[in-house]
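Report on the following structure.
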Amino acid sequence: KGVRDTIHRLLLLLFPATGSSLPTRALAAPPLLRPAPAAIRASASSAANGELISAHAAARMYRLLGGATSAAWVCCSVAALATYKPHRVLHNAIGVAQACTALPLVWTTTESLARTVADNGWEALGDAQPRSLNLGLAAASAWCAVTAAAAPAFTAAVVRTSDPVRYPMPLVVAACAVHAATALWSLLARRRPRPAPSHPNEPTAATRGEGLSLRLLALTFGGFSACAIFAPFPLATVPSLLGKRLARAFAAWLGLAAVSLHALSRAGVAGGGGSAGPLADGLALHAAS
């Protein structure tokens, strides 16, 4: 007991500010034993559920395919628009810039899906918004692959002149491979619907009004996409203003915009999470341009 009292006095002399709280501080849990962040728990749960890759690897795959899809689209746009009458430099540059208005939509769609799976695990892809976005991205990528592989058939109409688009074979192979990989991944990443929460948040009048506006916009962009696919030239060029050399292919991104708007309307009414932010930004950039 005398030794214990001596040690206690020494501790009080060395650490006068801590006083009696020193033992409590010493017994506090070290930082390594604190609960893991939500993202780490999501990866752990995906491994526990028997997924082939982790949630973080899936997020990286979405971002990689988003970048590859953007690169393939830009290369096809340049090959289709900048090589036709190359002396019209300004005219062709404006056309390529107009075609690149699809890029913000591609980036934010894949980023939204990447954040969803990284933050909440694979199971979150079974919610209504990610399921819609995956299906829309798969359809858009499949249509881009088809229009790249059969470009002469989609651009052979006579509008003043004929001159169908003929991509170089290496570009056709690369673009089709990228778009097919994106479509396949989006279909494989879809999950069965998760049960809806038993007590969902009741939407307010303002939220219902915003959701209705987004659904009307989705219907409008869906009509634009159908017009670009099925209408005869030159009417098919009206939604994108890209001319017959790329108007049919651009229908993919008009359709993805329609799906994204519909998904965003459902997320807003249901009180969507943080992944709705980048998607809304990308849609705003796409629509404004």
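The values are calculated or read from the model by the stated rules, or taken from the named source; none is laboratory data. From a predicted model like this one, the values you see are computed outputs, not experimental measurements. Here Cβ is always computed from backbone atoms with ideal geometry, including for glycine, and neighbour counts include all displayed protein chains.
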Query raised in the report: Just a yes or no: is a residue in region 189-208 farther than 15 Å from Arg131 by Cα and modelled with pLDDT of 85 or more?
Result: no
Requested in this report: Of all residues in region 93-130, count the ones that are acidic (Asp, Glu) and free of Cβ contacts under 8 Å to residues at least 24 places away in the same chain.
Outcome: 0
Report task. For region 215-228, state whether one or more residues are modelled with pLDDT of 70 or more and in contact with a Phe, Trp or Tyr (Cβ under 9 Å, 6 or more places away or on another chain). Result -> yes
Query raised in the report: If you take the residues of region 238-257 that are over 18 Å from Ala149 (Cβ atoms) and without any contact (Cβ under 8 Å) to a residue 60 or more places away in the chain, which of them is surrounded by the most Cβ atoms within 10 Å (Cβ to Cβ)?
Result: Leu254
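Can you work out which of the residues in region 150-174 that are in a helix (DSSP H, G or I) and modelled with pLDDT under 95 is farthest from Ser77 (Cα to Cα)?
Only one residue tops the list, namely Ala153.
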